[in-house]
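Everything on this sheet refers to the single structure shown next.
The values are calculated or read from the model by the stated rules, or taken from the named source; none is laboratory data. What you are looking at is a predicted structure, and each value in this text was computed from that prediction instead of being measured. FYI the Cβ positions are ideal-geometry reconstructions off the backbone, even for glycines, and counts take in every protein chain you see. Keep in mind that these areas ignore ligands, DNA and RNA; they rest on the heavy atoms of the full protein, side chains included. Shrake-Rupley method; radii C 1.70, N 1.55, O 1.52, S 1.80 Å.
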Amino acid sequence: MSENLSELLGRKGLQENLFDKLGNLAQPAGTPDEEALALLADEFLIGKANTYGTATFYDFLKPDNKGKQVYVCNGTACECAGTQPGVIKELKKQFTEDQIGHMCCLGRCHENSAFHYKGHNYSGGAIDALDKIVSGDGEHHSDRYNVAASHDAILTADFTDVDTYYEPWLAVLAQDSADVLEEIKTSNVRGRGGAGFPMGLKLEFCRNAEGPVKFIICNADEGDPGAYSDRYLLEERPHSVLFGMLVSGYVTGANHGILYIRAEYPEAVEIVQQAIDALKDRGLVGSNIGNSGFDFEFKIIQAQGSYICGEETALINSIEGQRPEVRVRPPYPAQRGLFNRPTVVNNVETLAALHYIISEGGEAWKDIGTEKSSGTKLVCLDSYFNKPGMYEVVMGTPMKTVIEDLGGGFKEAVKAVQIGGPLGGVVPVEKLSELTLDFESFKEHGFLLGHASVVSIPEDYPMINYIEHLFDFASYESCGKCFPCRLGTKRGHELASKAIQGRETIDRELFQDLLTTLEQGSLCAHGGGIPLPIRNIVQHFDDELKNYFS
């Protein structure tokens, strides 16, 4: 990371943002031209290589995106469901091959057949109405899925109205910010994005950092295939997220809140902006909120297609307009983050928990769930379930309850599920009865709870193909900063591909050495995490894989 570059990119503030401008330049043709990139470089006093290097990284800015009209979801849930070849076949009746691109998981995992066209996502039976969609006759982009809670709803509770919902926020402004932080720490709410780090500690680190300018960032770059809980909160409960950011700003002394929302969720961008406008109309955000002396402003940054931006330091680089490579830590974002200022990054679901914690008290949240995994967790179930959808589940609930009682069991034969995204563990179905929904249970059994998305691997899907799919995903989405990840994920993909083609078997010792190098040598959890599901597959499906290994 170049500290000088971060300072240069921050000198105009958030409203004159380089990354925003790159996105705007790309809209007419799908990619900004080199002359425009050169002008931006001059405007921000940085080299042309910087703007070009940034633009060529993202799916929706890179030159390869020029002329693309429609995008097909290539997420794991759609891959396992086998729906996408049919989608592509239908799209080719309306578009040329050069006009068809890809997007990584549109959050339509509950019904698959997902694609994106002109700012809207479609799935399920929408592909059968492609003629009407292309002609603009009719609306087919909405979707419906089951939403329920295992106990009393908290994150999925019905929204009241803006004035009623924000009464606790006005009460917070009348309190000492240190007392509010203690309430959050008491709750022991842990990050819901995957790492499970205590939210209160992260806020405290930023609070204690010196500096007049601080930032709260909502990581809404939910890229884990199989997960759509963040999409639900952004589209159906946006005020829960905004409330959490306001409280986070108050306890840390931050006056700026940034929502980094993935490009694959276009509807979420519009809905969240409408919610922000409603807060402005009522004076609940802006300058001197409620005559408290506290100021807070929101800014939405629309991402441009990159899974690695879910990693907090890559996300920070992205907002600055730099190439989204992972930063070496320390320093941590709470010490030196966006534009070298103290920054807290929390995911959507983590922030949404604060409304209940502030309204009912930290002890109330802590009393739900287990001692170390408090509260509730949103779990997404894919189309292989009889009742696919999103469920709010009390931490510590047996996974058997989640799968059978809430999800209604599988509608056809499934041999394993991957829980927690592409870096999450692959769990044989017979092992599900041994797990409870909490961080500790998953870790104890050699898996990872992560985002708690559930992707089903059907009985007839070859596990060697799944290994290839995971390595292909990890290789494509690597930021390229460190050698172990950049090279190791590609070597893994090559080994799996050659084995599938029958060209050569995989040397077990070499393969294990590759996985160990990825685990121990990668800078972040992208390269370091991909060996977990691979090892799970090799361990639990050795009989199926033995012909591919030597």
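Summary of values
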| read-out | value |
| --- | --- |
| Selection status of Thr350, at pLDDT 95 or above, among the polar types (S, T, N, Q), open to solvent by 10 Å² or more (accessible area, probe 1.4 Å) and not in a strand (DSSP E or B) | no |
| Top-ranked residue of the stretch 66-98 - restricted to ones that are among the polar types (S, T, N, Q) and surrounded by 15 or more Cβ atoms within 10 Å (Cβ to Cβ), ranked as nearest to Tyr466 (Cα to Cα) | Thr76 |
| Residue in the stretch 247-259 that is under 20 Å from Leu106 (Cα atoms), at pLDDT 95 or above and surrounded by 24 or more Cβ atoms within 10 Å (Cβ to Cβ) present | yes |
| Some residue of the stretch 384-407 being open to solvent by less than 30 Å² (accessible area, probe 1.4 Å), modelled with pLDDT of 95 or more and under 28 Å from Tyr548 (Cβ atoms) | yes |
| Selection within the stretch 218-237 - more than 13 Å from Val379 (Cα to Cα) and either open to solvent by 10 Å² or more (accessible area, probe 1.4 Å) or part of a helix (DSSP H, G or I) (or both) | Asn219, Asp221, Leu234, Glu235, Glu236, Arg237 |
| Options Ile358, Ile308, Ile316: the member that is open to solvent by 10 Å² or more (accessible area, probe 1.4 Å) and of a type in the set (A, V, I, L, M, F, W, C) | Ile358 |
| Pairs, first on the phi > 0 side of the Ramachandran plot in the stretch 313-331, second of a type in the set (Ser, Thr, Tyr) and crowded, with 24+ Cβ neighbours inside 10 Å, C-beta under 8 Å, six or more apart | Gly321/Thr51; Gly321/Thr54 |
| Meets criteria (of a type in the set (Val, Ile, Thr), part of a strand (DSSP E or B) and either open to solvent by less than 20 Å² (accessible area, probe 1.4 Å) or under 21 Å from Ala81 (Cβ atoms) (or both)) for Val417 | yes |
| Helices (runs of 4 or more DSSP H) contained in the stretch 451-542 and holding at least 3 residues in contact (Cβ under 8 Å) with a residue 60 or more places away in the chain and under 30 Å from Met395 (Cα atoms) | 463-477, 525-529, 531-540 |
| Hey, Ala49 out of contact with any Gly (no Cβ under 6 Å at 6 or more places or on another chain) and exposed (fewer than 13 other Cβ atoms within 10 Å of the Cβ) or not | yes |
| Given (1) without any contact (Cβ under 8 Å) to a residue 60 or more places away in the chain; (2) touching a Phe, Trp or Tyr at 6+ places or on another chain (Cβ under 9 Å); (3) open to solvent by less than 50 Å² (accessible area, probe 1.4 Å), number of the condition Leu22 does not satisfy | (1) |
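The rows are residues; the columns are (1) free of Cβ contacts under 8 Å to residues at least 60 places away in the same chain; (2) farther than 25 Å from Arg486 by Cα; (3) part of a helix (DSSP H, G or I); (4) of a type outside the set (Gly, Ala, Ser).
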| site | (1), (2), (3), (4) |
| --- | --- |
| Glu7 | no, yes, yes, yes |
| Gln15 | no, yes, no, yes |
| Ala29 | yes, yes, no, no |
| Ala36 | yes, yes, yes, no |
| Tyr52 | yes, no, yes, yes |
| Tyr58 | no, no, no, yes |
| Tyr71 | yes, yes, no, yes |
| Cys80 | no, yes, yes, yes |
